[in-house]
Amino acid sequence: MTSTGYTPAAPAPDELRRRGVRLGDALFRGVSLLAALSAAALLGLIAWKVFDLAWPAIQEFGLSFVWTDAWNPVTDSYGALAFVYGTVMTSLIALVLATPLSIAIALFLTEISPRRLAGPIATMVELLAAIPSVVLGLWGILVFGPWVRDHLEPWLNDHLGFIPLFSGTPQSSGLFIAGLVLAIMVVPIVASICRELFLSVPDELEEGALALGATRWEMVKGVVLSSSKSGIAAAVILGFGRAIGEAIAVTQVIGAGATIQWSLFSTGDTLASRIAGQYQGAVSKMQVSALFYLGAILLVIGLLTNLLAQVIVGRFEHQRTGAD
């Protein structure tokens with residue numbers, strides 16, 4: 001009781017509940033904002049550190065580092081062209097093989113396979129992504145590489161040897177085998193995403209297309225794939241990002257090399273595999289800086305890849321919204 005004899009009324013239960021809701025909303029917004037800012041700050045710090053350590057090489061070689069084909073620690077002359085080429089070629093091999101296979105797996109699991117069979121197969125596909133890359137690389141060295149050298153590469157050389165990419169001597173390590181290993185690593189990622197995309201297509205649309213006389217393939221082509229274009233594009237680009245950033249497995253099977261050769265059977269290196277293979281044994285500060293320059297190029301490629309994925313998804317969404 002106050003000096004005036006008036007006792008303030010206690011807040012009503014509804015008012016207390018509203019205050020609790022407002023406090024929870026404010027706390028939720030604060031935590032979410034902090035998490036988002038933390039992620040952005042972490043990305044900025046990583047980028048700053050990579051470019052800071054790469055700065056001596058950037059000053060020494062400039063942008064010509066990107067299109068210079070040289071890597072000689074003895075004379076401290078470095079260039080990234082051979083590794084950019086290796087990164088692009090192995091990633092393209094992986095995507096060319098993994099994309100149709102992943103889409104086919106996802107379509108089989110969602111449109112063809114019986115339900116009792118779809119679950120175990122989907123689990124096995126997802127477990128493929130759980131195999132450590134170093135284990136996959138060892139399998140590539142001991143099992144897959146020799147098989148490709150003795151069977152697949154000779155067949156390609158006999159039938160497509162007139163194309164420079166498939167000329168040369170078959171080997172158990174090289175760009176081609178690295179691309180195949182990357183394809184194995186990319187398949188579960190793209191297949192899992194595509195499966196979720198296809199499952200999200202409304203059953204009414206599929207049943208309506210079939211009721212109008214469309215065959216199953218026409219329904220898949222006109223409804224399922226058409227409705228999932230943006231997601232499929234994003235999944236493929238995500239798989240590309242996975243391929244360009246892989247280091248350990250690629251280092252184990254690519255064979256190492258700092259020259260550009262047209263034959264996919266030849267040995268080489270990617271940006272990531274060169275960093276993984278030489279950082280511990282770097283003999284000079286300039287070599288360390290050049291390796292960080294490779295990392296900076298890889299970081300820029302990764303950021304541009306994600307931006308491209310967002311642009312593609314946004315364009316498809318805009319086209320679909322306009323059509324609706």
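The values are calculated or read from the model by the stated rules, or taken from the named source; none is laboratory data. Just so you know, these numbers come straight off a predicted model, no measurement behind them. Neighbour counts run over all protein chains shown; Cβ positions are idealised from the backbone, glycine included.
For the list (1) over 18 Å from the mean Cα position of the chain (by Cα); (2) without any contact (Cβ under 8 Å) to a residue 12 or more places away in the chain; (3) closer than 22 Å to Phe176 by Cβ, I need the number of the one condition that Ala118 fails.
Only one criterion in (1) over 18 Å from the mean Cα position of the chain (by Cα); (2) without any contact (Cβ under 8 Å) to a residue 12 or more places away in the chain; (3) closer than 22 Å to Phe176 by Cβ is unmet by Ala118, namely (3).
Among the listed residues Val125, Val84, Val96, Val134, identify the single one that is in a helix (DSSP H, G or I), modelled with pLDDT under 90, on the phi < 0 side of the Ramachandran plot and touching a helix residue (DSSP H, G or I) at 6+ places or on another chain (Cβ under 9 Å). First the steps, then the outcome.
Details: Val84 fails: modelled with pLDDT under 90; Val96 fails: modelled with pLDDT under 90; Val134 fails: modelled with pLDDT under 90.
None of the others qualify; the one that does is Val125.
Residues checked against (1) part of a helix (DSSP H, G or I); (2) free of Cβ contacts under 8 Å to residues at least 60 places away in the same chain; (3) over 22 Å from Tyr293 (Cα atoms); (4) touching a Gly at 6+ places or on another chain (Cβ under 6 Å):
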| position | (1), (2), (3), (4) |
| --- | --- |
| Gly222 | yes, yes, yes, no |
| Ala233 | yes, no, yes, no |
| Leu238 | yes, no, yes, no |
| Ser273 | yes, no, no, no |
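Any chance the stretch 279-291 includes a residue that's surrounded by fewer than 19 Cβ atoms within 10 Å (Cβ to Cβ) and in contact with a helix residue (DSSP H, G or I) (Cβ under 6 Å, 6 or more places away or on another chain)?
yes
Given (1) over 16 Å from Ala249 (Cα atoms); (2) crowded, with 18+ Cβ neighbours inside 10 Å, identify the lone condition not met by Leu160.
(2)
Pull out all pairs, ordered by first then second residue, where Cβ-Cβ is under 9 Å, the residues are six or more apart or on different chains, the first lies in the stretch 254-271 and is outside any strand (DSSP E or B), and the second is surrounded by fewer than 23 Cβ atoms within 10 Å (Cβ to Cβ) and of a type in the set (Lys, Arg).
The qualifying pairs are Phe265/Arg149.
Kindly establish whether Arg274 is under 20 Å from the mean Cα position of the chain (by Cα) and modelled with pLDDT of 90 or more.
Details: under 20 Å from the mean Cα position of the chain (by Cα): yes; modelled with pLDDT of 90 or more: yes.
So Arg274 passes the test.
Taking only pairs six or more apart or across chains, which ones have beta-carbon atoms under 8 Å, a first residue in the stretch 68-80 that is under 14 Å from Leu294 (Cβ atoms) and outside any loop (DSSP other than H, G, I, E, B), and a second residue that is at pLDDT 85 or above and polar (S, T, N, Q)?
Close Cβ pairs satisfying both conditions: Trp71/Ser77; Tyr78/Thr68; Tyr78/Asn72; Tyr78/Gln287.
Please state which one of Ser167, Ser192, Ser172 is of a type in the set (Ser, Thr, Tyr), within 19 Å of Ser102 (Cβ to Cβ) and surrounded by fewer than 21 Cβ atoms within 10 Å (Cβ to Cβ).
Ser192
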